[in-house]
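Everything below concerns the one structure shown next.
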Amino acid sequence: MENDVLGRIAPNSTPVQADMISYQGVVPKVGDYVVVEGDETDLLGMISNVVRGALELARSDLLQANYYDTILEVVGSPSDWLKATIRMIGKLKSKKLAGLPRAPPPTGALVKRAPAELLRQIFAPPPDKEGIKLGNLLTREDVTIHLDPNELISRHLAILAVTGGGKSNSVAVILYEIIRMGGVAILFDVHSEYAGMTLDCPHCEIETIDPILDPNTLSVEELGKLMKITYDNAPKQFIYLKAAFRTAKELLIREKLGEYLDKAELRADRDDLLAGIHALVKLSLMKEKNNEDDPYLLKFSSNDRGSIESLLAKVDFIRTKYDRVLKPAAGEPVDHLNYGKLLIVDLGQLDSDLTDVVVGKTLYTILYRAKAKIIGRGYLDFPTPVLAVLEEAHTLIPSVEYTYTSQAASSIAKEGRKFGVGLCLVSQRPKRLNSDVLSQMVNKIILRVVEPDDQAYIRRATEFLSEEMISYLPSLNVGEAIVVGPMVKIPALVKVRFFKGKRGGESLKAYEMWREGLRKRLSATPDEYYSSIGD
């Protein structure tokens with residue numbers, strides 16, 4: 001039997017799925033591709049499951065292992081049989097895919113291993129264009145998998161796996177390929193895992209920045225989120241915040257804001273809108289005591305004094321707590337975007353509330369500028385298309401609450417493809433992700449996932465994923481992934497190539513670090529050692 005001949009189609013096949021009985025000695029592999037003889041044209045399929053048995057050991061009453069021993073002493077090696085389930089991918093015409101079959105393959109049809117050249121042609125980038133080189137087929141090391149960057153940006157991407165499954169390496173490979181092409185990407189690094197990342201290509205650039213927010217560009221709703229003041233949970237405080245916000249804006253335009261900062265004895269830039277709100281709220285409380293009549297100050301009844309005092313405390317708190325991030329006239333993170341450049345926003349030292357506003361605000365700014373560029377209303381030099389990557393996406397876009405980042409991500413998921421804004425969500429807990437947003441990540445790279453609830457959640461949110469493929473997620477090794485979506489022409493089991501540059505996200509080597517620490521301790525005097533670790 002020729003090496004590429006695997007078996008024949010068993011009865012009861014359908015246009016979608018068929019069983020194949022293997023020839024003796026042939027062992028089909030899950031994830032491999034096959035060509036099936038059809039009535040009019042050959043069909044391309046993928047092996048999604050394999051079952052093995054033995055004729056001599058098939059009796060249901062063989063309930064003890066020593067019964068097996070007795071039979072095997074007589075027959076020697078058992079007559080193994082293998083049955084593979086094949087999911088049909090499409091018809092083959094002139095070695096090209098031409099839509100799904102309308103009829104099942106004939107019973108007894110010959111099944112052959114798909115030629116490597118055919119698979120290379122399917123997974124190759126379009127002519128005269130480059131693709132994102134992700135890795136190789138798991139069952140064919142000689143077949144390289146290229147992702148279509150146009151489909152990745154326009155249809156978005158989710159990268160899902162358990163901790164240590166290879167997410168960070170997959171992210172690094174994709175970002176390297178995008179930047180190498182001259183693309184634009186921004187990575188929101190929630191746990192400072194990508195500090196010191198390098199890209200090994202002549203024109204590639206990486207810039208890591210601390211998050212900044214210009215309070216003068218924030219909306220009253222964004223300021224309210226920082227203070228945990230919304231119309232739903234604190235209507236009076238929100239109404240007074242909105243009034244102070246509008247007045248501070250007017251004073252800023254009239255160049256009178258500095259006068260109120262002086263009156264309130266607040267040290268701040270003369271054009272700091274948030275400081276201006278602080279001053280107006282503070283002076284409004286003082287006005288009641290001093291009987292002053294200033295049309296710019298808040299007017300409130302004695303019953304609302306508690307709300308004003310609470311608002312003042314919250315404004316004062318966030319100005320103190322977030323003084324390193326809230327910087328007037330400091331610009332926006334997206335000002336740093338450029339072609340052939342990866343921008344990493346290091347969020348590691350921020351709390352969840354500020355992280356939510358920083359990421360949500362930045363995503364909205366990217367979408368706003370991309371829209372303005374397309375319709376010709378400004379920002380004509382804004383670099384697009386741009387890919388925004390959200391690490392730890394389940395903390396930013398959770399299923400249990402609708403965060404500001406969730407709102408921004410949802411907007412990009414719905415509108416981004418029209419304006420050149422792509423979104424990539426990276427998470428080890430898929431079931432904690434907002435299902436509406438995840439379902440719009442049409443492309444998915446799914447590495448090892450063990451938790452059954454996570455597997456079920458992924459299955460519900462993924463159009464191209466079969467139950468059989470889901471069942472193999474726990475058995476994937478590090479760096480092995482199921483890749484589905486329009487960024488690849490057909491679903492694939494892939495070994496993601498190793499990123500050769502420096503990257504973060506790697507597990508700590510506890511033993512080595514302990515041994516090195518002990519060596520330092522024993523080689524130094526107690527005073528020297530404790531002085532060094534006390535800094």
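Okay, here's what the table says:
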{"quantity": "Straight-distance crosslink candidates among lysines, where the alpha carbon sits under 20 Å from residue 520 and sequence neighbours closer than 8 are dropped", "calculated": "509"}
{"quantity": "Cross-link reach list, lysines versus residue 299, counting only Cα pairs under 17 Å and skipping chain neighbours closer than eight places", "calculated": "236, 242, 282, 287, 289"}
{"quantity": "Cβ charges +1 (Lys, Arg) and -1 (Asp, Glu), total dipole of the chain, debye", "calculated": "900"}
{"quantity": "Helix-derived mean residue ellipticity, 222 nm - over the chain, DSSP H n ≥ 4, -39500 (n - 2.57), to 500", "calculated": "-11000 deg cm²/dmol"}
{"quantity": "Positive minus negative residues near residue 250 (Lys, Arg vs Asp, Glu; Cβ under 14 Å)", "calculated": "+1"}
{"quantity": "Taking the convex hull of Cα positions in the range 279-412, its mean projected area over all directions (nm²)", "calculated": "11.7"}
{"quantity": "Once the Cα gyration tensor of the range 289-358 is diagonalised, semi-axes √(5λ) in Å", "calculated": "38, 15, 9"}
{"quantity": "When each of 29/444; 327/414; 314/414; 129/418 is checked by Cα-Cα distance, pairs over 24 Å", "calculated": "327/414; 314/414"}
{"quantity": "As computed over the range 39-78, the Cα convex hull volume per residue (Å³)", "calculated": "136"}
{"quantity": "Where N is the number of residues in the range 138-247, Cα Rg divided by 2.2 N^0.38 Å", "calculated": "1.60"}
{"quantity": "Under the Karplus curve 6.51 cos²θ - 1.76 cosθ + 1.60, θ = phi - 60°, whole-Hz ³J(HN,Hα) for the range 486-493, x wherever Gly or Pro sits", "calculated": "x, 6, 10, 5, 9, x, 8, 9"}
{"quantity": "Computed over the chain, Kirkwood Rh from alpha-carbon pairs, angstrom", "calculated": "27.3"}
{"quantity": "Distance cut-off 17 Å, percentage of C-alpha pairs in the range 353-458 lying past it", "calculated": "53"}
{"quantity": "Label-point separation, residue 321 to residue 515 (7 Å along Cα→Cβ), nm", "calculated": "4.4"}
{"quantity": "Computed P(r) (all Cα pairs; the range 5-114; 5 Å bins; percent)", "calculated": "2, 12, 22, 19, 13, 10, 8, 7, 4, 3, 1"}
{"quantity": "Sparsely packed trypsin sites (Lys or Arg not before Pro) within the range 107-195, loop by DSSP, other Cβ within 10 Å at most 15", "calculated": "129"}
{"quantity": "From the C-alpha gyration tensor of the range 216-321, square roots of 5λ in Å", "calculated": "19, 17, 12"}
{"quantity": "Average Cα contact separation per residue, the chain, under 8 Å, 6 or more apart, as relative contact order %", "calculated": "19"}
{"quantity": "Exposure rule at most 16 other beta-carbon atoms within 10 Å, DSSP loop GluC sites (Glu not before Pro): the chain longest free segment", "calculated": "142-254"}
{"quantity": "Alpha carbon convex hull of the range 376-528, volume per residue in cubic angstrom", "calculated": "226"}
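Since every read-out is calculated from the coordinates, none of them should be taken as a lab result. Because the structure is predicted, anything quoted here is derived from the model rather than measured. Don't worry about glycine lacking a Cβ; one is built from the backbone with ideal geometry, like all the others, and counts go over all protein chains shown.
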